[in-house]
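Below you'll find the structure, written out as structure tokens, and then a few comments.
The values are calculated or read from the model by the stated rules, or taken from the named source; none is laboratory data. Keep in mind that what you see is a predicted model, and the values were worked out from it rather than measured. Glycine gets a Cβ as well: all are built from the backbone with ideal geometry, and neighbour counts include every protein chain shown. Note: areas computed on protein heavy atoms with side chains; ligands, DNA, RNA excluded. Shrake-Rupley method; radii C 1.70, N 1.55, O 1.52, S 1.80 Å.
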Amino acid sequence: MPAITPWEGEEPQFALTDYGRSADCARQRLCSVCNTLMPRGPVWRVVGAAESAAIGEALAAGRPYRNLAPTLEAPGHRACMLYASMVCPYLARPNARRGLSAEQPDDLTAHVVRGAVRGALGAVVGFGDYEFAVTGSQVLFRFLDVVEFLPHDTADTHLAELRAELARREPQ
């Protein structure tokens, strides 16, 4: 269960983000999936079609990529984001649609409304670092310096990469 998922009684509320949990993750540099410390250095997140295309185009042209628009989507460890890209139906497949809507959609959350399609390509992207702001009602993130770009049509493409990442982390 992602660390930032809110609960209503005994039921997780997928496609929504718990404000307090997200703020704690940002302030304490905790992974939004496993809720453990992310060491200084790169962080990862899963991006949808539009951002994946923009990153791919910038990298192909030899240009740096920096999206100045904030997002509500928090970072995590590489293994956690590879895993999330495969197990979250919305992140895993291009034809997947959101099943739940955001409580109060706005410019930042319009893409999470009921029925929204992820789109053609997604990607697991590593960034050199992130910035965040905690407002009265949202936790906003911006990501700096792409260090890894792993695009996918369907996220099972990342299975071998996830296995390799987990093998590197296992005690010898």
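Tally the residues that are open to solvent by 50 Å² or more (accessible area, probe 1.4 Å) and either touching a Pro at 6+ places or on another chain (Cβ under 6 Å) or not in a strand (DSSP E or B) (or both), restricting the search to the stretch 123-147.
Of the residues in the stretch 123-147, 5 are open to solvent by 50 Å² or more (accessible area, probe 1.4 Å) and either touching a Pro at 6+ places or on another chain (Cβ under 6 Å) or not in a strand (DSSP E or B) (or both).
Could you tell me whether any residue of the stretch 12-35 is assigned to a strand (DSSP E or B), modelled with pLDDT under 90 and of a type outside the set (S, T, Y)?
yes
Mind listing whichever residues of the stretch 36-69 are part of a loop (DSSP other than H, G, I, E, B), closer than 28 Å to P12 by Cα and not small (G, A, S)?
Hits for the stretch 36-69 are T36, M38, P39.
For (1) at pLDDT 90 or above; (2) out of contact with any His (no Cβ under 9 Å at 6 or more places or on another chain); (3) buried (at least 20 other Cβ atoms within 10 Å of the Cβ), each residue gets a yes or a no:
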| site | (1), (2), (3) |
| --- | --- |
| A54 | yes, yes, no |
| P64 | yes, yes, no |
| L72 | no, yes, no |
| R78 | yes, yes, yes |
| Y83 | yes, no, yes |
| A96 | no, yes, no |
| G99 | no, yes, no |
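Going through the stretch 154-172 one residue at a time, which ones are in contact with a helix residue (DSSP H, G or I) (Cβ under 7 Å, 6 or more places away or on another chain) and either more than 13 Å from S85 (Cβ to Cβ) or open to solvent by less than 40 Å² (accessible area, probe 1.4 Å) (or both)?
Residues satisfying the conditions are A155, H158, L162, E165, L166, R169.
Would you mention how many residues in the stretch 21-67 are touching a Ser or Thr at 6+ places or on another chain (Cβ under 9 Å) and among the polar types (S, T, N, Q)?
Qualifying residue count, the stretch 21-67: 2.
Can you tell me which residues in the stretch 1-42 are in contact (Cβ under 8 Å) with a residue 60 or more places away in the chain, within 17 Å of G122 (Cβ to Cβ) and aliphatic (A, V, I, L, M)?
Once the filter is applied, which keeps residues that are in contact (Cβ under 8 Å) with a residue 60 or more places away in the chain, within 17 Å of G122 (Cβ to Cβ) and aliphatic (A, V, I, L, M), the stretch 1-42 yields only A15.
Please tell me if P151 is open to solvent by 20 Å² or more (accessible area, probe 1.4 Å), of a type outside the set (D, E) and at pLDDT below 90.
no
For the stretch 70-77, state whether one or more residues are assigned to a helix (DSSP H, G or I) and not acidic (D, E).
No, the stretch 70-77 contains no residue that is assigned to a helix (DSSP H, G or I) and not acidic (D, E).
Just one of T36, T17 is hydroxyl-bearing (S, T, Y), out of contact with any Asp or Glu (no Cβ under 7 Å at 6 or more places or on another chain) and more than 18 Å from R142 (Cβ to Cβ); which is it?
Going through T36, T17 in turn, the sole match is T36.
Which residue out of R40, R27, R45, R21 is open to solvent by less than 30 Å² (accessible area, probe 1.4 Å) and charged (D, E, K, R)?
R45
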